[in-house]
Each structure stands twice: as structure tokens, then as C-alpha cells.
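To start, the structure under review is shown below, and the notes come after it.
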Amino acid sequence: MQTQIVHKQYVSTQVSTADRLQLVVMLYDGAITFLNQAKEKMAAQDAAGKGLYLGKALDIIAELNASLNFQEGKEVAANLFHLYNFMTAHLTRANLNWDAAALDDVIKMLGQLRDAWEEVSQKSKRGEIKEVTEEQTLTPRANLGSLVV
């Protein structure tokens, strides 16, 4: 019990001190973790556990989708919108069909996006990207070529 409290405090501190780009990377990490947990539950034939973790991953994808800025992100935001919608549909079918390979597909896509956002975050920290105002949203353009929907 004490370990869980310490872990929650650590995560809370990590989230409260992260910048916006780091938060996006953390969301991708969370979705990937939940999908891997859903795969484990699927392998164990645990329907409730599978549904719980798939639901958590879907919630994160929905949040990422809802946070898109189409005015600033233009084509990249539109591509991400379509990609997130594809992931949602793919995961819903995977849930119904107990399809672990479909989970792997989405985990791979999320991993590629996560890496692109991590690169943007690192470049921002090094000053290679201009500072972002609250009205602007950075998009990880460099690594998204293969993910155009």
C-alpha cells in the first residue's frame, strides 16, 4: 500500500512539473502501457481486465484527438485526427474479436508518434525549436511521413 502511495506521488509530481510536450509523450507512454496490459489480459482470457485496459488506452487516444489544434496544425492535425479515429476503430474491433495482433498494430503506431513527439520535445529543450505560445501547438512533422492517413 505504501509503495502505491509513493508511486502516485511520484507520478503526480512528474505530471505537474512536465511541459506540454513532455505531457504528450507521457500520454503516448500511458496508452502503450495500457495496450500491453490489455494484451496480457487477452492472453489470460480475462475479459474484464482486457476491457479495462483497452478502455484506458481509448480514453487517452480520445484526449489526444480532442486536443488537436486544426488552425495551427493544419494538415498534420488533420492526419492525426484520422489516425486517432482509425486507432479507435481498430481497437474496438480488436476488443470484440480478441485480436492481439490489432493491439500490436496500434502499439507500433503509438510508438512511432511517441518517438516523433519526444524528438520535438528534445529539440525544444535544446532551443532548436522556437518557444511555443499558448495559442500555438507544435506538431512532430519530421517523423510523420509514413503515418499519413
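For region 39-77, the set of residues classified as more than 16 Å from M87 (Cα to Cα), over 17 Å from the mean Cα position of the chain (by Cα), surrounded by 13 or more Cβ atoms within 10 Å (Cβ to Cβ) and at pLDDT 95 or above consists of E40, K41, M42, D46, G49, K50, listed by residue number.
Total residues in region 85-106 satisfying the condition of being within 13 Å of the chain's Cα centre (by Cα) and crowded, with 19+ Cβ neighbours inside 10 Å: the figure is 2. With respect to being in contact with a helix residue (DSSP H, G or I) (Cβ under 8 Å, 6 or more places away or on another chain) and of a type in the set (D, E, K, R), K41 fits the description. Among the residues that make up region 49-62, is at least one of them closer than 26 Å to L21 by Cα, touching a residue at least 24 places away in the same chain (Cβ under 8 Å) and in a loop (DSSP other than H, G, I, E, B)? No, every residue in region 49-62 fails to be closer than 26 Å to L21 by Cα, touching a residue at least 24 places away in the same chain (Cβ under 8 Å) and in a loop (DSSP other than H, G, I, E, B). Within region 63-78, the set of residues being assigned to a helix (DSSP H, G or I) and either closer than 30 Å to E40 by Cα or among the β-branched types (V, I, T) (or both) comprises E63, L64, N65, A66, V76.
The values are calculated or read from the model by the stated rules, or taken from the named source; none is laboratory data. No experiment lies behind these values; they were computed from the predicted model shown. As a convention, Cβ positions derive from the backbone with ideal geometry for all residues, glycine included, and neighbour counts pool all protein chains shown.
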